[in-house]
Amino acid sequence: MTAPLLEVNDLRVRFDAVEAVHGVSFAMGRERLGIVGESGSGKSLTGRSILRLLPRGAEMGATRLAFDGIDLARADETEMRRLRGRRLGLVLQDPKFSLNPAMTIGHQIVEACHAHTRLSARAAREKALAMLDSVHLRDPARIWDLYPHQLSGGMGQRAMIAMMLAPDPDLLIADEPTSALDASVQGEVLAVLDEQVSRRGMGLILISHDLDLVSSFCDRVLVMERGAVVESCAASALEAAQHPYTRRLLGARLRLAP
């Protein structure tokens, strides 16, 4: 039996007396796992805990938190820096806050390559241009010289995906990657993610409040409420979910549908 890529057992995140994530457990391989829930349900904290990128004051603990056999809960910061970006990637909600406004797109991708690989300057530039092309940004050489504010939201998010995928990670965590985008470009960004994850055979955790998105895009879904997983099911079976909270989420979605 193939060992899981990621194992999470009894994950807990506390802020002083408040436990914001309590008892979250799941395992995943090289698949698409969706985590859904309302704002404040703990889904983003769960994703950031895997990377050990939590806000100040947060205390994290877990019976087991392992990536490819590496104990993330007990790894020191030097080990985590080797894993972040190189093997564990993160795509955030809004590229305006994720990309460096003072650096061109090309140089940001090259910087990611240099931070996590031993490519020469020429090879890193070639890879950066290839990555821009792979996320369907037209004229990569032109995009290379642009600054983030010169890109549309959809272009910026695709550039962010290119930068995160340049070091060839094994697991990508995408935290609401399309919620800041117009509906007309959300599908384009998801298509890029779908293509890249399939081609690379990597794992993906897609964090979202959009049940339709995760049910159509993911293999499995975890539903979180008040810091805990209340339901886990195949994405194709989400419509038949039985937990009252999941039924309420599905009902709210249906009432808003045209």
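Any read-out appearing in this document is the output of simple, stated calculations on the displayed coordinates, not a laboratory observation. Quantities reported herein were computed from a predicted structural model and do not represent experimental measurements. Heads up, the Cβs are rebuilt from the backbone with ideal geometry, glycines too, and the neighbour counts pull from every protein chain shown.
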Taking region 136-167 and keeping residues under 19 Å from the mean Cα position of the chain (by Cα) and of a type in the set (A, V, I, L, M) leaves M155, A159, M160, I161, A162, M163, M164, L165, A166
Of the residues in region 46-57, those that are over 12 Å from L88 (Cβ atoms) and touching a residue at least 60 places away in the same chain (Cβ under 8 Å) number 1
For region 30-44 the number of residues that are of a type outside the set (K, R) and either in a loop (DSSP other than H, G, I, E, B) or more than 24 Å from L92 (Cβ to Cβ) (or both) is 7
For region 99-122, the count of residues that are under 22 Å from the mean Cα position of the chain (by Cα) and either in a helix (DSSP H, G or I) or over 12 Å from A162 (Cα atoms) (or both) equals 14
Worksheet item: Restricting attention to region 222-233, does a residue exist that is touching a Lys or Arg at 6+ places or on another chain (Cβ under 6 Å) and touching a residue at least 24 places away in the same chain (Cβ under 8 Å)?
Response: yes
Kindly indicate whether any position in region 186-200 is more than 28 Å from L119 (Cβ to Cβ) and assigned to a loop (DSSP other than H, G, I, E, B).
-> no
Within region 5-29, the count of residues that are in a loop (DSSP other than H, G, I, E, B) and farther than 21 Å from A237 by Cβ comes to 3
Those residues of region 57-73 which are buried (at least 21 other Cβ atoms within 10 Å of the Cβ) and part of a loop (DSSP other than H, G, I, E, B) amount to A62, L72
- Message: Considering only region 178-196, I want to know if a residue exists there that is closer than 24 Å to T246 by Cα and touching a strand residue (DSSP E or B) at 6+ places or on another chain (Cβ under 7 Å).
- Response: no
Every listed condition ((1) assigned to a loop (DSSP other than H, G, I, E, B); (2) more than 18 Å from the chain's Cα centre (by Cα); (3) more than 30 Å from R199 (Cα to Cα)) holds for L54 save (2)
Would you check if there is a residue in region 105-114 being within 18 Å of I205 (Cβ to Cβ), surrounded by 21 or more Cβ atoms within 10 Å (Cβ to Cβ) and in contact with a helix residue (DSSP H, G or I) (Cβ under 9 Å, 6 or more places away or on another chain)?
no
